[in-house]
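*Asks:* Encoded as structure tokens, here's the structure I'll be asking about.
The values are calculated or read from the model by the stated rules, or taken from the named source; none is laboratory data. From a predicted model like this one, the values you see are computed outputs, not experimental measurements. Note that we place each Cβ from the backbone using ideal geometry, even for glycine, and neighbour counts take in every protein chain shown.
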Amino acid sequence: MDIGTRPVFRYTAFTKGAKKVTLTAKIHKVFDTGTVRAIASVNIGDAFAVHGVKVLAGANGDNVVMPSTKYKDKYQDTFHPISREAREQINGVVLDAYRQYLSQDNSPDMAQTM
């Protein structure tokens, strides 16, 4: 599938102590077949970038999987959220960007802020 315009989805999360953290997801590659449906990156608060985030097709819908590296006989996440809330927010912004990509009509600007 041709990427064309890469959708970007911005999400501002309010965390403990009223600190604002903005998450931005970009879809870099989309696959029509196979378990891996998309490859994305996530920008966290304009301070950290996480590349190689995958959207996987699962029995209960799409899932987000963090990047990992093979270590001896198993894979280990190279990045992972510490809290459930952070994981849900990252998963949400990646899946929203992926869904936007699937529903886009090749409009030039796919940026959206919540």
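*Asks:* Test each condition in (1) in a strand (DSSP E or B); (2) of a type in the set (D, E); (3) modelled with pLDDT under 90 for D62 and report the one that comes out false.
*Replies:* (3)
*Asks:* Right, next: Return the residues of the range 55-95 that are surrounded by 15 or more Cβ atoms within 10 Å (Cβ to Cβ) and either among the charged types (D, E, K, R) or touching an Asp or Glu at 6+ places or on another chain (Cβ under 8 Å) (or both); say none if nothing qualifies.
*Replies:* V55, D62, M66, P67, S68, L95
*Asks:* Additional query: Would you point out which residue out of S41, S83, S68 is in contact with a Phe, Trp or Tyr (Cβ under 6 Å, 6 or more places away or on another chain) and not acidic (D, E)?
*Replies:* On inspection, the qualifying residue turns out to be S68.
*Asks:* For the range 58-84, which positions are hydrophobic (A, V, I, L, M, F, W, C) and under 11 Å from Y98 (Cβ atoms)?
*Replies:* Once the filter is applied, which keeps residues that are hydrophobic (A, V, I, L, M, F, W, C) and under 11 Å from Y98 (Cβ atoms), the range 58-84 yields only V64.
*Asks:* Of the residues A40, A25, A18, A57, only one is modelled with pLDDT under 90 and among the aliphatic types (A, V, I, L, M); which?
*Replies:* Only one candidate qualifies: A18.
*Asks:* Here is a follow-up. Here is a check on your reading of the model: is A57 touching a residue at least 60 places away in the same chain (Cβ under 8 Å) and over 23 Å from K19 (Cβ atoms)?
*Replies:* No: the conditions fail for A57.
*Asks:* Now a separate question. Please verify whether the range 35-45 includes one or more residues that are on the phi > 0 side of the Ramachandran plot and either surrounded by fewer than 19 Cβ atoms within 10 Å (Cβ to Cβ) or free of Cβ contacts under 8 Å to residues at least 12 places away in the same chain (or both).
*Replies:* yes
*Asks:* Looking at the range 39-59, which of its residues are within 13 Å of N91 (Cβ to Cβ) and over 14 Å from the mean Cα position of the chain (by Cα)?
*Replies:* Matches in the range 39-59: G58 only.
*Asks:* So, in the range 65-88, of the ones that are under 14 Å from the mean Cα position of the chain (by Cα) and at pLDDT 90 or above, which residue ends up farthest from G34 (Cα to Cα)?
*Replies:* Once the filter is applied, the top-ranked residue is P81.
*Asks:* Return yes when G52 is farther than 27 Å from K20 by Cβ and of a type outside the set (S, T, Y) and no when it is not.
*Replies:* no
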